[in-house]
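Since the structure comes first, as structure tokens, the remarks are kept for the end.
The values are calculated or read from the model by the stated rules, or taken from the named source; none is laboratory data. Remember, predicted model here, so these are calculated numbers, not experimental data. As a convention, Cβ positions derive from the backbone with ideal geometry for all residues, glycine included, and neighbour counts pool all protein chains shown.
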Amino acid sequence: MLRLRPLITLLVASICVLGLWTLWHGSLGQEPTPLTPAQYKASGLTDNIYTNGNTKPDADDWWLHFEEVLKLKPVSMKEAKAGCAWNPQDLERVNFQFDGGENGFVDTAWVRNDTSDLVLDARRAQWQDFMMYGTIPYGDISSKLDGRGIVIVGGQSQSFHRVKVLLRQLKRLGSSIPVELHYWGDEMNEEKKQELSTLWPLITYNDLSSPTNIYHVQLGGIVHVNYQLKTAAILNSNFAEILLMDSDNIPTIPPEDLFNSKTYKEHGTVFWPDIARTRVQNPVWPITNTPCRKDEYEQESGQALIDKRKFWYHLQLAMFFINDKNSEYYNNILLGDKDTFRFAWHALKTTYGRPAHWLATVGIKMAPDHFCGHHFAQFHPDREDGRVVFMHGGLLKTMDKQVMTFLRASHGGIFHAYKTGTKPYDAEELTRAEIKFDGASYWKHKPESVGVQMCTDMKDVEARPFGELVQGFNEVFEEVGGYWLIDSGEFSSGT
């Protein structure tokens, strides 16, 4: 029988990469259809009822708080926008997600025209009704949760090689943390499982298409990006405390140490930052009854720490935003799964932990005025620590295989330099960041077939040697098989 999904992997990945670019530069331009808002009584409560996760040891302890949250006076679009009153000069330096142009991937008409309060009321009522009547009780799963571990979604095609890199790094670090690999259907066979189990005996597997899962999820169409699988993996995990990791993420310390961080212990979560900020007119602010926040970046969910025992219902709301019934709307205002976590916590007025230090973009520097970032370095949650703890290679998959081979052979690898904010501990500090294209013009005898890659950059920041942050990472990347794209001979590109 013909297997369509492996045959269209390259097509899907290409669309994902192009879609990421267009999220910064375009929209489809169609207004969402107004819904009939549910009627509920608003009280005089304000937004100042955020509760810390360490006050609620059990998910069911949140219900009195949820009832108060659902009584909050609705936040209008005007009120939400007032939270981020940047002046015109500052706005030129704010790196926002989504643009207002026209494209065929997302509908960002809301960038040009504010969403009406009627639509906002309807969308808000939907998630509030879900919280009251649509969640799976914590008692249905509480006895099944135990221990701490890493949750990864992957197994198909190139992600299988990325998982092997991650597992080799765990071994190299002397880690002893269990791992769950969640996959869909025939993405994993017994041969693949045996290979991974030999590499990391503390690994178990879960098929997200199985009817035995507590939370059932639908797979999207042929060219649909299945962001919902990551949240489904968390909901169906047997771990009580979870470190979610993308398959293209490499830890630089034993990851189990992060559960002992002060930040995680205080909040029961750690959400790491992305490079962009959420637009002031994004409907998700008023939908979640949250004024825009100048001290927040969007969330980068290549890694997240979550105590599932505390936040079972919060996680279901995050899934609500991206499930098959609601993703058509929310995919136009949130980029994939990542910010569904942050805004579920905002909707339920719950604090979340975040590292004190903003991310760094890490990549190649081939000339004084050249920089191309392909990894994000994410920092330890606690300010007093300061170490890089993850290297997430989101844009490495866009690097041409020939360029990677050239840099590996002639320039010591692909990790040369980094850039971070001028005040990386000040979340309100504005750093001009961008995603751009790099055509490897530095390569004097570049083959004509070499394509362009996507990079992150911070225009006004001087690049520094990456060894200042992490010593010897080029050698580590080589040791754990990071150059599988070259060495395996299976693929012509990383997408």
Exercise. Could you tell me which of the residues K310, K325 is at pLDDT 95 or above and either in contact with a strand residue (DSSP E or B) (Cβ under 9 Å, 6 or more places away or on another chain) or surrounded by fewer than 23 Cβ atoms within 10 Å (Cβ to Cβ) (or both)?
Key: K310
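Does segment 391-408 include one or more residues that are more than 20 Å from V165 (Cα to Cα), modelled with pLDDT of 95 or more and in contact with a strand residue (DSSP E or B) (Cβ under 8 Å, 6 or more places away or on another chain)? Explain how you work it out, then say what you get.
Going through segment 391-408, the residues more than 20 Å from V165 (Cα to Cα) turn out to be 402-403, 406.
Filter once more, keeping what is modelled with pLDDT of 95 or more: 402-403, 406.
Going one step further and asking which of them are in contact with a strand residue (DSSP E or B) (Cβ under 8 Å, 6 or more places away or on another chain), we end up with 403.
Within segment 391-408 (the criterion being more than 20 Å from V165 (Cα to Cα), modelled with pLDDT of 95 or more and in contact with a strand residue (DSSP E or B) (Cβ under 8 Å, 6 or more places away or on another chain)), the answer is yes, since at least one residue qualifies.
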Quiz item: Does segment 35-53 include one or more residues that are modelled with pLDDT of 50 or more, assigned to a helix (DSSP H, G or I) and either surrounded by fewer than 15 Cβ atoms within 10 Å (Cβ to Cβ) or out of contact with any Cys (no Cβ under 8 Å at 6 or more places or on another chain) (or both)?
Solution: yes
Quiz prompt | One residue from R124, R162 being under 16 Å from Y329 (Cβ atoms), buried (at least 21 other Cβ atoms within 10 Å of the Cβ) and at pLDDT 95 or above | solution = R124
Quiz item: For segment 411-431, how many residues meet the condition of being basic (K, R) and touching a strand residue (DSSP E or B) at 6+ places or on another chain (Cβ under 7 Å)?
Solution: 1
Practice problem: Looking only at segment 144-156, decide whether some residue is touching a strand residue (DSSP E or B) at 6+ places or on another chain (Cβ under 9 Å), surrounded by 21 or more Cβ atoms within 10 Å (Cβ to Cβ), farther than 30 Å from V284 by Cβ and free of Cβ contacts under 8 Å to residues at least 40 places away in the same chain. | Solution: yes
Practice problem: Report, by residue number, each residue of segment 386-406 that is buried (at least 17 other Cβ atoms within 10 Å of the Cβ) and free of Cβ contacts under 8 Å to residues at least 60 places away in the same chain. | Solution: Q402, V403, F406
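Here is a check on your reading of the model: is G482 touching a helix residue (DSSP H, G or I) at 6+ places or on another chain (Cβ under 9 Å), modelled with pLDDT under 95 and among the small types (G, A, S)?
No; evaluated as a whole, the condition is false for this residue.
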Quiz prompt | Qualifying residues in segment 358-373 (those that are surrounded by fewer than 24 Cβ atoms within 10 Å (Cβ to Cβ) and in contact (Cβ under 8 Å) with a residue 60 or more places away in the chain) - the one nearest to L305 (Cα to Cα) | solution = W358
Exercise. Search segment 473-495 for residues that are closer than 15 Å to L170 by Cα and buried (at least 16 other Cβ atoms within 10 Å of the Cβ) and pair each with any residue that is modelled with pLDDT of 95 or more and not hydrophobic (A, V, I, L, M, F, W, C) when their beta-carbon atoms are under 7 Å apart and the residues are at least 6 apart or on different chains.
Key: F477/G413; V480/R168; V480/Q169; V480/R172; G481/K164; G481/R168
Practice problem: Only residues in segment 110-129 that are within 20 Å of F98 (Cα to Cα) count as the first member; pair them with residues that are of a type in the set (V, I, T) and outside any helix (DSSP H, G or I), Cβ under 7 angstrom, at least 6 apart or cross-chain, and list the lot. | Solution: W110/I333
Quiz prompt | Search result, residues across segment 440-495 that are in a loop (DSSP other than H, G, I, E, B) and aromatic (F, W, Y) | solution = Y442, W443, Y483, F491
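Results for (1) in a strand (DSSP E or B); (2) at pLDDT 95 or above; (3) under 19 Å from R309 (Cα atoms), shown as yes or no for each residue.
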site: R168; (1), (2), (3): no, yes, no
site: K171; (1), (2), (3): no, yes, no
site: S176; (1), (2), (3): no, yes, no
site: E180; (1), (2), (3): yes, yes, yes
site: T212; (1), (2), (3): no, yes, no
site: L219; (1), (2), (3): no, no, no
site: A233; (1), (2), (3): no, yes, yes
site: L244; (1), (2), (3): yes, yes, yes
Practice problem: Within segment 407-422, identify whether any single residue is in contact with a Pro (Cβ under 8 Å, 6 or more places away or on another chain), among the hydrophobic types (A, V, I, L, M, F, W, C) and surrounded by 19 or more Cβ atoms within 10 Å (Cβ to Cβ), and answer yes or no. | Solution: yes
Exercise. Only residues that are in contact with an Asp or Glu (Cβ under 9 Å, 6 or more places away or on another chain) and at pLDDT below 95: list them for segment 221-231, please.
Key: Y227, Q228
Quiz item: Here are some conditions: (1) touching a strand residue (DSSP E or B) at 6+ places or on another chain (Cβ under 8 Å); (2) surrounded by 23 or more Cβ atoms within 10 Å (Cβ to Cβ); (3) under 23 Å from Q126 (Cβ atoms). K349 meets all but one. Which one does it not meet?
Solution: (2)
Practice problem: Run down D99, D140, D186, D146 and say which single residue is under 20 Å from the mean Cα position of the chain (by Cα), more than 27 Å from P74 (Cβ to Cβ) and acidic (D, E). | Solution: D99
Quiz item: Name the pairs whose Cβ atoms lie under 6 Å apart, with the first residue in segment 48-61 and within 21 Å of P291 (Cα to Cα), the second modelled with pLDDT of 95 or more and part of a strand (DSSP E or B), and 6 or more positions between them or separate chains?
Solution: T51/T350
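One line per residue, one yes/no per condition, for (1) among the polar types (S, T, N, Q); (2) closer than 15 Å to Y418 by Cβ; (3) modelled with pLDDT of 95 or more; (4) out of contact with any Asp or Glu (no Cβ under 6 Å at 6 or more places or on another chain):
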{"position": "L335", "(1), (2), (3), (4)": "no, no, no, yes"}
{"position": "R354", "(1), (2), (3), (4)": "no, no, yes, yes"}
{"position": "W358", "(1), (2), (3), (4)": "no, yes, yes, yes"}
{"position": "T361", "(1), (2), (3), (4)": "yes, yes, yes, yes"}
{"position": "K365", "(1), (2), (3), (4)": "no, yes, yes, yes"}
{"position": "C372", "(1), (2), (3), (4)": "no, yes, yes, no"}
{"position": "F379", "(1), (2), (3), (4)": "no, yes, yes, yes"}
Exercise. Read through the list (1) modelled with pLDDT of 95 or more; (2) assigned to a helix (DSSP H, G or I), then give the number of the only condition that T115 fails.
Key: (2)
Self-check item: Condition check for Q316: more than 30 Å from L396 (Cα to Cα), polar (S, T, N, Q) and within 17 Å of the chain's Cα centre (by Cα)
Solution: yes
